[in-house]
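Heads up, the thing below is written out as structure tokens.
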Amino acid sequence: VKTRGGRRWSAFDAELRAENERRRTLEEELRRAIPAGEIEPWFQPVIDSTTGGITGVEVLARWNHPEQGLLSPAAFVPMAEELGLIRAIDEAVFDAACARAAPWVADGLIEHVACNVSPRDLLDPGFSRKLIGRLAGTDLPATALTVEITETFLLQDMALARRHIERLAAKGVRVALDDFGTGYSNLRALMHLPIQTVKLDRSLIADVGRDARVSKLVASLLHAARALGVSIIAEGVEDEGQALFLRSAGCDRMQGYFFARPMSADAMEAQLLEARPQ
Ligand code: C2E
Ligand code: CA
Ligand code: CA
Ligand code: CA
């Protein structure tokens, strides 16, 4: 029994070693990928519920890995956060996204560009000042930028979070509370911070228009947000039933596979030019 157990142990050991090895390789590749420009901004259209037109884009990071192909944030963002590389990634994605999207804004093809920032960034007292400085180095007007944040650290230091939001707002940059309705983002942040936009998480949207309780809850969230003067974006809209319900419930903007999946900058630009009113 001891031998068998021992053998099983060593097989487990070998697997663990292989896993650690793969991880270390990916870590080294990630460190190299950032300066090499392999982390790219992709874009997903945000739709105006009233007109059905594209009003803006959300920037979503993709790692164009030389061997593994296109990797989603789930494959590298948590690791980047652990390694302290997320700031460098967010900055690289931000700069590249502004460079691509600024002309779209200047040409009147879209009105706003939303970038995700790691909740960790917000713990840095210099975060908003640095972001404003970075933005000044791009051609994107401050009033076209939205920064999407999650609640994770907001409530740890409410005064700091407020300072960031107010400093950004003074320049015209909006702050959106992402993943609203999940454990990470809930009413407390909305109640206590001067947030301008809320993004309803797709877990809330999934059953909207199908399940009466969910529909009522979402409708009253929309109502509450309106009462606060907060703009709402529903994410993860995957079918027409959801879109119709959300529009009738007064949701300003929508985003999801029903309208468009995230796409490369070139594909986004082609679509915007095609949709341009003649
Ligand atoms: P998020 O900010 O909540 O972004 C929305 C996610 O939902 C995206 O996943 C998007 O592709 C996906 N999505 C959009 N529409 C639909 C739909 O109709 N159905 C379904 N099932 N999914 C939909 P993605 O691109 O994999 O990004 C995952 C998360 O990674 C993002 O969630 C965001 O938190 C994070 N992330 C993305 N880009 C960046 C970045 O540049 N910096 C940082 N720090 N985080 C990022
Ligand atoms: Ca987001
Ligand atoms: Ca979200
Ligand atoms: Ca999310």
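Laboratory data are not the source of any read-out in this text; all were calculated from the coordinates shown. The model shown is predicted, which means the values in this text are computed figures rather than measured ones. All Cβ positions, even for glycine, are placed from backbone atoms using ideal geometry, and neighbour counts span all protein chains on display.
Apply the Karplus parameterisation 6.51 cos²θ - 1.76 cosθ + 1.60, with θ equal to phi minus 60°, to every residue of the stretch 82-93 and state each ³J(HN,Hα) to the nearest whole Hz, in sequence, with x for glycine and proline.
Ordered by residue, 3J(HN,Hα) equals 4, 7, x, 9, 5, 4, 4, 5, 4, 5, 5, 5 Hz.
Quick one: what are the phi-derived ³J(HN,Hα) couplings along the stretch 54-64, Karplus 6.51/-1.76/1.60 with θ = phi - 60°, whole Hz, x for glycine and proline?
Karplus-based 3J(HN,Hα) across the stretch 54-64 equals 7, 9, x, 9, 9, 8, 10, 6, 9, 9, 7 Hz.
What distance in nm lies between label points placed 7 Å from Cα along the C-beta direction at residue 72 and residue 132?
Here the answer is 3.7 nm between the modelled labels.
Under the definition of Cα pairs under 8 Å and six or more residues apart, what whole-number percent is the relative contact order of the stretch 48-149?
It rounds to 32 percent for the stretch 48-149.
In the stretch 192-213, which residues have a backbone nitrogen under 14 Å from the label point lying 7 Å from residue 257's Cα in the Cα-to-Cβ direction?
Residues 202-203, 206-207 fall inside that zone.
Would you mind counting up the charge near residue 263? Only other residues with Cβ under 14 Å from its Cβ, with Lys and Arg at +1 and Asp and Glu at -1.
Cβ neighbours under 14 Å give a net charge of -2.
Tell me, what is the percent relative contact order of the chain, built from C-alpha pairs under 8 Å that lie six or more residues apart?
About 17 percent, as a whole number.
Modelling each spin label as a point 7 Å along the Cα-to-Cβ direction, I'd like the residue 273/residue 247 distance in nm, to one decimal.
2.9
I need two numbers for the chain: Rg to one decimal and Dmax as a whole number, Cα atoms only, in Å.
20.8, 78
Can you tell me the dipole magnitude for the stretch 176-278 around its Cα centre, using point charges on the Cβ only (Lys, Arg +1; Asp, Glu -1), in Debye to the nearest 20?
440
Which FRET efficiency value, to the nearest 0.05, do you get for residue 99 and residue 79 by plugging their Cβ-Cβ distance into 1/(1 + (r/R0)^6) with R0 = 25 Å?
The formula returns an efficiency of 0.45 here.
Test of understanding: what is the full-extension gain from residue 50 to residue 239, defined as 0.36 nm times their sequence separation minus their Cα-Cα distance?
Using 0.36 nm per residue and subtracting the Cα-Cα distance, I get 66.4 nm.
Taking the Cα centre of the stretch 126-273 as the origin and placing charges on Cβ (Lys, Arg +1; Asp, Glu -1), which of 221, 243, 192 is farthest toward the positive end of the dipole?
192
What 222 nm value per residue comes from the helices of the chain, counting each DSSP H run with n ≥ 4 as -39,500 (n - 2.57) and dividing by all residues, nearest 500 deg cm²/dmol?
Rounded to the nearest 500, the figure is -15000 deg cm²/dmol.
Please identify, among 125, 141, 41, the residue showing maximal mean-square fluctuation in a Gaussian network model of the chain using a 10 angstrom Cα cutoff.
125
Given the options 43, 259, 127, state which has the largest fluctuation in a GNM of the chain using a 10 Å cut-off (strictly under) for Cα springs.
Greatest mean-square fluctuation among the candidates belongs to 127.
If you rank 42, 9 by fewest surrounding Cβ atoms within 10 Å, what's the result?
Starting with the residue having the fewest Cβ neighbours, the order is 9, 42.
Run the dipole for the chain about the Cα centre, Lys and Arg Cβ at +1, Asp and Glu Cβ at -1, nothing else charged, and hand back the magnitude in debye, nearest 20.
Using only the charged Cβ atoms, the result is roughly 840 debye.
Set Lys and Arg Cβ to +1 and Asp and Glu Cβ to -1, take the dipole of the stretch 100-185 about its Cα centre, and tell me which of 158, 119, 109 lies farthest positive.
158
With θ set to phi - 60°, apply the Karplus curve 6.51 cos²θ - 1.76 cosθ + 1.60 along the stretch 167-172 and write out the HN-Hα couplings as whole Hz, x wherever there is a Gly or Pro.
Values, residue by residue: 5, 5, 4, 4, 8, x Hz.
Report the normalised scattering of the stretch 47-133 as log10 I(q)/I(0) at q = 0.13, 0.26 Å⁻¹, calculated by the Debye formula with identical scatterers on the alpha carbons.
Scattering profile of the stretch 47-133, log10 relative to I(0): -0.54, -1.28.
Give the long-range amide H neighbours of residue 231: residues separated by 5 or more places, or on another chain, with amide H under 5 Å away, using H modelled in the peptide plane at 1.01 Å from N.
Amide H to amide H, under 5 Å and 5 or more residues apart or across chains, residue 231 pairs with 197, 198.
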